[in-house]
Amino acid sequence: MSRIAYVNGRYAPHRDAAVHIEDRGYQFADAVYEVIAIQNGRFVDEEPHLDRLDRSLRELRMAAPVARPALKHILRETVRRNRVRDGIVYMQISRGVARRDHAFPAHRESSLVVTARSTTPKSAARAGGVAVVTTEDIRWKRCDLKTVGLLPNVLAKQMAAEAGAYEAWMIGADGAITECTSANAWIVTDTREAVTRPPTHAILNGITRRTVRAIAEEAGYSVVERSFTLDEALAAAEAFLTSTTSHVMPVVRIDGAPIGDGRPGPLTCALQAQYEAYAGAAEAGTTAAGGA
Ligand code: PMP
């Protein structure tokens, strides 16, 4: 079955789906995106993802290409046409097509591309947890915006892949871990506190991070939002990462050193199980994070 993409009002097979060579997303990375998981045919945390998309657009003064109900229809139609029951839907909005000039074009006609594909959950395939390596965070100062300007993330992920690691944890100018190339970073202290960095401009405020936080607090676990260093992570009882595609993923080695006893920790496993139950049962438009 050929994959179908939505591009500016048309559904087309991938081989025919294309954007203009002067699309500002292509030329300047002047574009934002979102990825929403589909589980059992349902969208996981759809509203918070769309809220974050709106925020990225607003902060960058980019026009929404269509209103939210129309976007939701396009997402569903793309998922349906690609027969995705478990997978992801990807949407990208750029500031549109204009003669190459750094300043915004006079018109406000954004481009919208939507794709969808089936995936298998990564955490199920890596029950023993994953290794990460660390690297300097060389990104800009608005990492809270989900833009397609991902070259530093690409370079760090490639470095991790070449080192045989699943992810790279990036270290900011303040000496603390910021986040992973495409996930948020967590540690669990000896006193069973789950620690993750506060959502400033230094990180993307992950939707999974927020849902896991809500799930953890509901279950009576203590969650603390503060920065932590590599030394603290190396001495932690447990570590994990969270994202739309990795869910709750245990981290068992950092830069080659085992975390705890080198196996997924008990709190990590408990949060992983609770997140799987939540995502598997997610209804369109409902969220444990309550739109936080
Ligand atoms: N940080 C970065 C840099 C990311 O790209 C992602 C993935 N979108 C995340 C964190 C996790 O965000 P979410 O849980 O919303 O997928």
Subject >> Cross-link reach list, lysines versus LYS157, counting only Cα pairs under 30 Å and skipping chain neighbours closer than eight places >> reply: LYS122, LYS141, LYS146
Original post:
What number, rounded to the nearest 500 deg cm²/dmol, is the helix-based mean residue ellipticity at 222 nm of the chain, given -39500 (n - 2.57) per DSSP H run of at least four residues and division by all its residues?
Top reply: -8000 deg cm²/dmol
**OP:** Would you kindly calculate the mean projected area, averaged across all directions, of the convex hull enclosing the Cα atoms of the chain, in square nanometres?
**Re:** 14.9
Subject >> Whole-angstrom Cα spans of region 178-227 along principal axes, big to small >> reply: 27, 21, 16
**OP:** Measure nothing fancy, just the Cα-based angle from helix 207-218's long axis to the longest principal axis of the chain, in degrees from 0 to 90, nearest 10.
**Re:** 40
Original post:
Does anyone have the angle between helix 151-162 and the longest principal axis of the chain? Alpha-carbon axes, 0 to 90°, nearest 10?
Top reply: 50
Original post:
Tell me, what % of the accessible area of the chain is carbon and sulfur with a 1.4 angstrom probe?
Top reply: 53
Subject >> Values of log10 I(q)/I(0), in the order q = 0.14, 0.17, 0.31 Å⁻¹, for region 153-195 under a Debye, Cα-only, solvent-free model >> reply: -0.38, -0.53, -1.03
Original post:
Mind checking the dipole of region 187-261: about its Cα centre, +1 per Lys or Arg Cβ, -1 per Asp or Glu Cβ, Debye to the nearest 20?
Top reply: 320
Original post:
Does anyone have the angle between helix 68-81 and the longest principal axis of the chain? Alpha-carbon axes, 0 to 90°, nearest 10?
Top reply: 80
Subject >> Shape of region 142-284, Cα gyration tensor, a/c cut at 1.5 >> reply: rounded
Original post:
Averaged per residue, what accessible area in Å² does the chain show with a 1.4 Å probe, protein chains only?
Top reply: 46
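The values are calculated or read from the model by the stated rules, or taken from the named source; none is laboratory data. Since we're looking at a predicted model, the values are computed, not measured. When we count neighbours, we look across all protein chains shown, and the Cβ atoms used for this are built from the backbone with ideal geometry, even at glycine. Please note that ligands, DNA and RNA were not included when accessible areas were found on the heavy atoms of the full protein model with its side chains. Shrake-Rupley method; radii C 1.70, N 1.55, O 1.52, S 1.80 Å.
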